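The structure appears right after this line, and notes come after that.
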There are 2 protein chains.
Amino acid sequence: MTRQVPDLSLYLVVGAGDTGSRPLEEVVLAAVAGGVTLVQLREKNASTRAMLERAKRLKVLLVPRGVPLIVNDRVDVALAAGADGVHLGQDDMPPADARRLVGEHMVLGLSVGDENEAETADPALVDYIGIGPAFATGTKADAGSAIGPDGVAALRRRVALPAVAIGGITAANAVALRDSGVEGIAVVSAICAAEDPKSAARELRAAFSGA
Amino acid sequence: MTRQVPDLSLYLVVGAGDTGSRPLEEVVLAAVAGGVTLVQLREKNASTRAMLERAKRLKVLLVPRGVPLIVNDRVDVALAAGADGVHLGQDDMPPADARRLVGEHMVLGLSVGDENEAETADPALVDYIGIGPAFATGTKADAGSAIGPDGVAALRRRVALPAVAIGGITAANAVALRDSGVEGIAVVSAICAAEDPKSAARELRAAFSGA
């Protein structure tokens, strides 16, 4: 495939419900200024119209900054917003259906939490995987038990695709993921709930890269 | 446009949560045998994967019976399932975005509940409207107040598109909609909650058509 996989180094996953009293756009801009390389809009309870409006607004902010926008679950919202890709969970559209709808140029990511799920990550359809939960997380109610850095590394070895670890990652524990083989880390609250999202992003990048 | 507007005479709106202990497919088949001319899959809490599986199963049942399938809200699910159209609420994707994604051959419906909403029904984008709630309904939590047969007729006159009335319609009150100018009636519980969905469909058709 001719698609370029985005830089997965620091992947911000965010919805309007994650940023507390701060506007979504403000947190995203600060996070990007701090080194976030990829943004995923993940809205689970918003109307389609609200979700699409947010995705369009984020796309306008991110294009001039060279940061791709991924939409969680919703292929239709991603297409309508001109997003760069879709991230699929195991309960979302199967990758084969999603690839047929988005064509060859959009990025598809897939969440993988165990060996069975790893087998659904077909490199002919999917461009990267999200492995997790790496650590215990309170953000995602339906996340499974934490698999730890060793679990992340084991799944990374099973799938011939770039990967990010996700789930409960902080600047403190990101260090433990350096040797897991993943290309990057994905976070929600480590940035969204931080007093200073820009500094938080900077610290996460440094912690994972060892800089 | 070259699209053929489906026969709106008796429009069944249904999701897996509407059919109680009976399988969705069983109720839909009985309803079609009783005279339902169009089926809309409306799932508000299902995962995308479950929704898509249901849409694909319904499509397989409906194709040989010549009854089109419309998917509520989800353009992506409609496209992936090979459905015949999408029905949009006022909180769903704007018709212009949806039309761009579905192309010229899929049917787009739009819900309209007052004069302001009627103005969003652009005949260049939308193929039919759903007007309601005609009567008080317990099925849809976010439906507005009932507008009655006169309200239905008033909105029907404002929009140069075929229309169905929806909301609390039964075989008893469908008679009052005969002169409202709508092409058909849409129901959920009048069929889904009926002991015999086939007879219920037959009675609804007769009541509205005056046969």
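Which value, in Å³ per residue, describes the convex hull spanned by the Cα atoms of the range A:10-209?
Taking only Cα atoms, the range A:10-209 has a hull volume of 106 Å³ per residue.
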Legend entry - Per-copy distances of the B:GLU195 label point, shortest first, in nm (7 angstrom along Cα→Cβ): 6.8
Inset, instruction - Calculate, in nm to one decimal, what B:ARG158 and B:ALA136 gain on full extension: separation in residues at 0.36 nm each, minus their alpha carbon distance. - result: 5.7 nm
Legend entry - Sites A:SER199 and A:VAL63 - FRET efficiency at Förster radius 25 Å, r taken between beta-carbons, to 0.05: 0.50
Legend entry - Qualifying lysines (Cα of each under 21 Å from Cα of A:LYS140; at least 8 residues distant if same chain): A:LYS44, B:LYS44
Legend entry - Alpha-carbon Debye profile of the range B:78-172, log10 I(q)/I(0) at 0.16, 0.24 Å⁻¹: -0.65, -1.21
Inset, instruction - Just need the relative contact order of chain A here, percent rounded to a whole number, with Cα pairs under 8 Å and 6+ apart. - result: 22
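At 4 °C and 1.567 mPa s, what whole-number value in µm²/s does Stokes-Einstein give for the translational diffusion of the protein assembly as shown, with Rh from the Kirkwood sum over Cα pairs? Spell out each step's value before the answer.
Working: Rh = 22.9 Å.
Roughly 57 µm²/s, to the nearest whole number.
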Inset, instruction - Any chance you could check the Cα centroid distance between the range A:1-68 and the range B:92-128 for me, in angstrom? - result: 28
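Residue by residue through B:46-53, how many Cβ atoms from other chains fall within 10 Å of the Cβ on average? List each step's numbers first, then the result.
Values: counts 1, 7, 12, 9, 1, 1, 5, 1.
Mean partner-chain Cβ count within 10 Å for B:46-53: 5.
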Legend entry - Whichever aspartates and glutamates have a C-alpha closer than 19 Å to that of A:LYS198, once near sequence neighbours (fewer than 8 apart) are set aside: A:ASP7, A:ASP18, A:GLU25, A:GLU26
Inset, instruction - Could you work out the relative contact order of the range B:52-126, using alpha carbon pairs under 8 angstrom and six or more residues apart, expressed as a whole percent? - result: 24
Legend entry - Scaled radius of gyration (Cα, divided by 2.2 N^0.38 Å) that the range A:10-50 gives: 1.16
Legend entry - Position B:VAL5, label points 7 Å along Cα→Cβ, spacing to each other copy in nm (shortest first, one decimal): 5.1
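By the scheme Lys and Arg +1, Asp and Glu -1, what is the net charge of all other residues having a beta-carbon under 14 Å from that of A:PRO149? Mind dumping the intermediate values first?
Details: positive: A:ARG156, A:ARG157, A:ARG178; negative: A:ASP150, A:ASP179.
Counting the neighbours of A:PRO149, the net charge comes to +1.
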Legend entry - Label 7 Å beyond Cα on the Cβ vector: B:SER47 copy-to-copy distances, nm: 2.7
Legend entry - Axis-nearest residue in chain B [Cβ, rotation onto A], distance in whole Å: B:ASP76, 2
Legend entry - A:GLN4 paired with B:ALA124, simple spin-label distance in nm, labels 7 Å along Cα-to-beta-carbon: 3.6
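Values in this text are rule-based calculations from the coordinates and carry no lab data. Keep in mind that what you see is a predicted model, and the values were worked out from it rather than measured. We place every Cβ from the backbone using ideal geometry, glycine too, and count neighbours over all the protein chains shown.
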